[in-house]
Each structure stands twice: as C-alpha cells, then as structure tokens.
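Peer 1: Supplied in structure tokens, the structure appears directly below.
Throughout, read-outs are computed from the coordinates displayed, never taken from laboratory work. Remember, predicted model here, so these are calculated numbers, not experimental data. Positions of Cβ are generated from backbone atoms using ideal geometry, with glycine treated the same way; all protein chains shown enter the neighbour counts.
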Amino acid sequence: MPDEPWKRKEGLLTPSKLLFLPGATGNAEFWKPMVSQLKHRAAKAIVSYPGFGQEPATPAVTGFSDLVSMVVSQIDQPTALIGQSMGGVLATCAALERPDLVTHLVLAVTSGGIDMKALGAQDWRDGFARAYPSLPDWFLSFKSNISGELRKLSQPTLLLWGDADPLSPVAVGRRLLELLPNARMHVVPGGNHDLAHVHARQLAPLVDAHLMQSAFERS
C-alpha cells in the first residue's frame, strides 16, 4: 500500500495542517497576521471556541475537557498546534491525547498547563471577567497543572515569549523549557501578552523554520 502523502520515505513526519488556537478572548482575528505571514504550505485553520468571543455557546462544551476534545477532533492528519495563552494549554493537552498526529508545537505566552503562581504571573481572572462578562463561568474557575505530563511531549516545540508580559512572564517560558524535552525559546524585548499578533512579521520566519524541523513518526 502506498505511503500516505504526508509521510516521507526516510520515516520523517511534516505537518499537513496548522491549527491556530486563540487565547481566552476567543478572538480568531488574533492569529490572522501570523497566518498571512507564514510561508509554510500546510492547510491553515483558526479554531473558534463555543461560548467565547462572538462564538455562540453549545451544550456540547461545558468544560475545558470539552474544548480539548473539540480540538482533538480536528486533528485528522499530521498537525502542528500553534497556541496563544489559553490556546497553548489546549495545545499541550491535545498533543498528549494525539501524540501520533501532532508533529510540532508553537506555544506563545502560555502556562502550557503548569501552575504559574510561583513564577511571578499576575492574577488575571478578576480583570478579565470584568472585561469579558460573557465568558463561561466554568472557565473562570478552571485551573490546570499537567507539569508531570509534559515530559511525554517529544514534539519539536517553539516557545515564544515577551519580556514585558505580566500575565505570563519569561520565568514561565523558562520553566516550560525545562519540562519539555525538545523545546527552544525565543524572547522578544518589550513583547507583551499580544506578542504573536503585534510581532507576527518578526516571528513568522521563526515559526516557518520551526515547522520545517522534521519530527520522527511515532507509533
């Protein structure tokens, strides 16, 4: 039987789909500058979250695990996950569920699923709730700590941080760099929590180069 079109003969895997995961605002516009700048030829899709931003709520999504399942359902071919803030937590959780098809990770100013309190992160919940009163109640009370699972993620991982972000300070990225076995980190001087949107032109070549890094197939 012939190889699937995404498999190289030497047994290396490259993404044929890029899934972009926004932060908790659910704003799909956030990733559009990056999508337009990337030269990688894979299909590109920005994920919307039911109940976030302008996306109507659905009874099928009543908790964070439902969002993870929704993302996992869209991983139907070798896929790179590119996540901002909350989207980075979704990316790590989805990669743990589908290590066979998630080829690469790009995590921008996220917790990645670790506890950030001890790393100097500013508590965002009260201010965020006031700014976005329509957010689901379950999200504002949700907390995760999957730091013990992150060493299972062998995918090439690019960590993108800004050194002026109070919500996810550089110390968080450095901790992820320690936990993820195949990660590297890039810090933008003066970058804030909107890093990947504001600095898309600067960061896109780094993401393109990262996505060309081969990932060995995993059984």
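Peer 1: What is the Cα radius of gyration of segment 96-219 over 2.2 N^0.38 Å, N being its residue count?
Peer 2: Output field value: 1.12.
Peer 1: On to the next question. List every residue whose amide H lies under 5 Å from the amide H of Leu13, counting only residues 5 or more places away in sequence or on a different chain, with H placed 1.01 Å from N in the peptide plane.
Peer 2: Ala215, Phe216, Glu217
Peer 1: Rounded to the nearest 5, what % of the DSSP beta bridges within segment 12-216 are antiparallel ones?
Peer 2: If we restrict to bridges inside segment 12-216, about 5 percent are antiparallel.
Peer 1: Still on this structure: Find, to one decimal place in angstroms, the Kirkwood hydrodynamic radius of the chain, where the mean of 1/r is taken over every pair of different Cα atoms and then inverted.
Peer 2: Hydrodynamic radius (Kirkwood, Cα only) of the chain equals 17.4 Å.
Peer 1: Something else: For the pairs Lys39/Lys117; Lys117/Lys152; Lys44/Lys152, flag any whose C-alpha to C-alpha distance is greater than 29 Å.
Peer 2: The pairs that break the limit, which is 29 Å between Cα atoms, are Lys39/Lys117.
Peer 1: Now for a different question. To the nearest 500 deg cm²/dmol, what mean residue ellipticity at 222 nm is calculated for the chain from DSSP H runs of n ≥ 4 alone, each contributing -39,500 (n - 2.57), summed and divided by the residues?
Peer 2: That calculation yields -8000 deg cm²/dmol at 222 nm.
Peer 1: Here's a follow-up. Give the Rg (one decimal place) followed by the Dmax (whole number) of segment 28-79, computed from C-alpha coordinates and expressed in Å.
Peer 2: So, for segment 28-79, Rg and Dmax equal 13.0, 37 Å respectively.
Peer 1: Counting other beta carbons within 10 Å of each residue's own, what order do Met34, Met70, Met116 fall into, fewest first?
Peer 2: Sorted ascending by nearby Cβ count, the order is Met70, Met116, Met34.
Peer 1: Work out which helices of the chain, taken as complete DSSP H runs, extend at least 20 Å along their axis over the Cα atoms and score a mean Kyte-Doolittle of 0.5 or more, then list them.
Peer 2: none
Peer 1: Within segment 12-53, name every residue whose backbone N is under 19 Å away from a label modeled 7 Å from Cα of Met212 along the Cβ vector.
Peer 2: Taking a point 7 Å out along Cα→Cβ of Met212, the residues of segment 12-53 whose backbone N falls under 19 Å are 12-18, 34-44.
Peer 1: For segment 124-170, evaluate the Debye formula with one uniform point scatterer on each Cα (no solvent term) and list log10 I(q)/I(0) at q = 0.16 Å⁻¹, rounded to two decimals.
Peer 2: -0.75
Peer 1: Fully extended, how many nm does the chain gain between Asn145 and Ala164 (0.36 nm per residue separation, minus their Cα-Cα distance)?
Peer 2: 4.4 nm
Peer 1: Show the residues, 5+ positions off or on another chain, whose built amide H is closer than 5 Å to the amide H of Gly191.
Peer 2: Asp163, Ala164
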